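Heads up: the structure comes next, in C-alpha cells.
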C-alpha cells in the first residue's frame, strides 16, 4: 500500500502543470488569468495558439528566437503538413552546398525555427549590448509562467508623474523596477487575424502566450492523458489489493 501511495503521488505530480510563485521578480504579483491549458485536464486552445503563432511570426520573430522548436511542431496546434511545409519553405536556413561551402536552402518541417540573428554577439550588437532572450521555454523559465508573460506584454503604460525613466527605457507595470528596455511590441491592430478576431493588445498577448506555452511543452496533453490513466489504474489496483487483503485475512481472528 505504501508503494501505491507513492506511485499515486508521482502520477498526480505528472498531471500537474508547473506553477511558480507570483511574488517573485522583485515582489511583483501578476493578476492570474484563466488558461485553457491549466489544471490536470487542461488542453491547448488550437485557435488561440494559431493566432499566437501569427503574432510571434509577424511581431516577435524579428528579435526573439524559439531555437528549441521545430517547424513540424506546428502540427500540434492544428496546422496541416502542407501548411507547415509552406511556412518552412518561406524561410531560408544555413546549409552546405555540394562543394562544401556555406549556403542557404528553404527550411523543411524537420528544421529548427530559424533565429533572427546568427549568434548572440550579432544580436547584442544590434541592441546596444542587450540580448533578446530565446522564447522556447520562456513560460517555464519565469517565476510567474504564462501569467507573467501575458501581464508583461499588456502592462506597458505611461509612467507615474513622479517617476523619471532612464534613457531608452519604457514603463511597464509588471517588470521588475518598472523600467524595461524593450519598447511595447504590441499595439491594437498590429496584426490582422484571418479568423476575424479583433487584434487588441490583450488578445494578442493572450494568443502569443498560449502559443509559447505550447512551444515550451508540446507534449503536455499526452502527459496529462497518461497521468489520468495511471491514476485510474492505481485506484483500481488499490481496490483489488484491499479486496485481496480482506479475503486473505477473513478467517484470521
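Miscellaneous remarks
- Acute angle (nearest 10 degrees) that the helix 220-248 long axis makes with the longest principal axis of the chain, alpha-carbon atoms: 10 degrees
- Additional length obtainable on full extension of the chain from residue 161 to residue 29, 0.36 nm per residue less Cα span: 45.3 nm
- Theoretical FRET efficiency, 1/(1+(r/R0)^6), r = Cβ-Cβ of residue 128 and residue 173, R0 22 Å, to 0.05: 0.35
- Subtracting the Cα-Cα distance of residue 221 and residue 82 from their residue separation scaled by 0.36 nm leaves 47.7 nm.
- Expected 222 nm ellipticity per residue - DSSP helices of 4 or more, -39500 (n - 2.57), all of the chain, to 500: -13000 deg cm²/dmol
- Compared with the direct C-alpha span, the chain from residue 202 to residue 43 gains 55.2 nm at full extension, assuming 0.36 nm per residue.
- Checking (i) 23.4, 86; (ii) 19.2, 62; (iii) 19.8, 69 against the coordinates, the calculated Rg and Dmax of the Cα atoms in Å falls under label (i).
- Compactness of region 136-253 - radius of gyration and Dmax, Cα, Å: 25.0, 84
Laboratory data are not the source of any read-out in this text; all were calculated from the coordinates shown. Remember, it's a predicted structure, so these values are computed and weren't measured experimentally. As a convention, Cβ positions derive from the backbone with ideal geometry for all residues, glycine included, and neighbour counts pool all protein chains shown.
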